[in-house]
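Notes to accompany the following structure.
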Amino acid sequence: MSIFEYNGSAIVAMGGKKCVAIAADKRFGIQLGMISTKAQKIYKLHDKLYIGLAGLATDMQTLKQLLEFRLNLYKLREEREISPEVFANLVSTMAYERRFGPYFISPVIAGLDENGDPFVDSQDTIGAGTEGQEPWVAAGTTTEQLFGMCEALYQPDLEPEELFETVSQVLLTSADRDCLAGWGADVYVITEKGVTHRELK
Amino acid sequence: GYELSPSAAANFTRRNLADYLRSRTPYQVNLLIAGFDTETNTPELFFMDYLASMIKPKHAAHGYGGFFTTTIMDRHYRPDMTKEEAYSLMVDCVKEVQKRLIINLPNFSVTVIDKDGVTDMDPITPKVVANAA
């Protein structure tokens, strides 16, 4: 069995009109068994930057702690919050440092840049990223399904409410076709005004 | 000083396990860490596999037997169970493991952790199982 399919996950991030959404499933499983339906796979870094981690659960937890550590250092030194583009580069560099013994993780970064425009980035295990060039990204064991749903349902410049509906449909429908992902979803919609977090069953 | 909270102990263990995972001498052990937090006065349970992935469930199990006991607990567990009710659920779990697994596992120890500390309850033996049926 592939090490990327040991735990299972579905993560998607999509840009809208001055907003961005990121969603993930809630299954924590070990191979064919489900251990918990309350796993958290998306973490807040600051008000306008969230990261979703797909892949091996132990590395997800380790990387979350390492990133928090690096972010706290950045904030102490720079006395400001990190921008999504810079953060994506940081994650990429950290991943490549482990080129010959990598973290088995696909990070998905979603945030709003200085102008309030959406930024999404998806990287592979050694830090090769889409660098904000894509309108939407997907990661995890469900990528094939997510790609299909995103391609079909995505429209540019969706308002936050419409974006929420779109992302929710994308994630739920895709995860229903993947035995290793699902069991609920966390959906975050980030706008200038704030973040709405909704949980789907 | 003061003692480690269950959460601190579990997270420390996870960090250690994760650090050793990529060394020449990784640990190969699955864990269930159970404790009582004296600050919040709540019991806590942590599930950790040998790769150091951790979660905080209401009930948990490891191993092949775990496949059966997980579903038994899904069906019968309630968050407001008494110690006696929980013991009875443990007996149900043991019964299922003994029924379904080819390996003969006749005796199980039972330990309870609460505000008064760690105490052993009556071990689950073939006699206890027979009486409960």
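Tell me the net charge near B:CYS93. Cut-off is 12 Å between Cβ atoms, B:CYS93 excluded, with +1 for each Lys or Arg and -1 for each Asp or Glu.
+1
Work out the mean other chain Cβ neighbour count within 10 Å for the residues of B:9-22 and drop it here as an integer.
For this peptide, the per-residue mean of nearby foreign Cβ atoms is 2.
Within a 10 angstrom radius of each residue's Cβ in A:52-62, how many Cβ atoms of other chains show up on average? Whole number is fine.
Going residue by residue through A:52-62 and averaging, the value is 4.
What lysines could a cross-link reach from A:LYS193, if we take a straight Cα to Cα line under 17 Å and drop same-chain neighbours fewer than 8 places away?
The reachable lysines, counting only those whose Cα sits under 17 Å from A:LYS193, are A:LYS17, A:LYS18, A:LYS44, A:LYS48.
Counting other Cβ atoms within 10 Å, which trypsin sites (Lys or Arg not before Pro) in segment B:42-133 have at most 10 and lie in a DSSP loop?
Qualifying residues, ordered by number: B:LYS115.
How high is the relative contact order of segment B:55-122, in percent, with contacts defined as C-alpha pairs under 8 Å that are six or more residues apart?
This gives 21 percent for segment B:55-122.
I want the local charge near A:THR125. Using Cβ-Cβ distances under 15 Å, sum +1 for each Lys or Arg and -1 for each Asp or Glu among the other residues.
-2
Sorted by average packing, counted as other Cβ atoms within 10 angstrom per residue and highest first, what order do A:71-83, A:42-54, A:126-138 take?
Highest mean packing first, the order is A:42-54, A:126-138, A:71-83.
Could you tell me the center-to-center distance, by alpha carbons, between segment A:137-151 and segment B:1-34 in angstrom?
34
Restricting attention to the alpha-carbon atoms of segment B:2-44, what are Rg (one decimal) and Dmax (integer), both in Å?
When restricted to Cα atoms, segment B:2-44 yields Rg and Dmax of 12.6, 40 Å.
Hey, what's the Kirkwood Rh for segment B:54-113 if you take every pair of different alpha carbons, in angstrom?
After inverting the mean inverse Cα-Cα distance, the result is 12.3 Å.
Once you've got the GNM for chain B with C-alpha springs shorter than 10 Å, pick whichever of B:VAL94, B:VAL110, B:VAL29 has the biggest mean-square fluctuation.
Fluctuation is largest for B:VAL29.
Taking beta carbons within 10 Å but only from partner chains, what does the mean come to for residues B:54-63?
Mean partner-chain Cβ count within 10 Å for B:54-63: 3.
When only Cα pairs under 8 Å and 6 or more residues apart are kept, what is the percent relative contact order across chain A?
32
How much length is gained if the chain between B:VAL110 and B:THR25 is pulled fully straight, taking 0.36 nm per residue apart and subtracting their Cα-Cα distance, in nm to one decimal?
27.4 nm
Can you give the relative contact order of chain B as a percent, counting alpha carbon pairs under 8 Å and 6+ residues apart?
Over chain B, the number comes to 17 percent.
What dipole magnitude, in Debye to the nearest 20, does the protein assembly as shown give about its Cα centre under +1 on Lys/Arg Cβ and -1 on Asp/Glu Cβ?
1040
For segment B:1-128, report the convex hull volume of the alpha-carbon atoms normalised per residue, in Å³, without decimals.
134
Quick test of the membrane-span-like rule: which DSSP H helices of chain B reach at least 15 Å along their long axis (C-alpha atoms) with mean Kyte hydropathy at least -0.5?
B:6-21, B:64-76
In segment A:19-43, which residues have a backbone nitrogen under 20 Å from the label point lying 7 Å from B:GLU96's Cα in the Cα-to-Cβ direction?
A:28-38
Pick out which of B:ASP120, B:ASP92, B:ASP37 has the largest mean-square fluctuation in a Gaussian network model of chain B, springs linking Cα atoms closer than 10 Å.
Highest fluctuation among the options: B:ASP120.
Around B:PHE46, with a cut-off of 14 angstrom between Cβ atoms, what is the net charge of the other residues, counting Lys and Arg +1 and Asp and Glu -1?
Here the charged neighbours net out to +2.
Taking amide H positions as placed in the peptide plane 1.01 Å from N, state which residues far from A:ILE35 in sequence (5 or more) or on other chains have amide H under 5 Å from it.
Long-range HN contacts for A:ILE35: A:PHE28, A:GLY29, A:ILE30.
Over all pairs of distinct alpha carbons, what does the Kirkwood formula give as the hydrodynamic radius of the protein assembly as shown, in Å?
Final number for the Kirkwood radius of the protein assembly as shown is 21.8 Å.
We did not get these values from a lab; they are worked out from the coordinates using the rules stated. Worth saying up front: this structure is predicted, and the values here are computed from it rather than measured. Cβ: placed from backbone, ideal geometry, glycine included. Neighbour counts: every protein chain shown.
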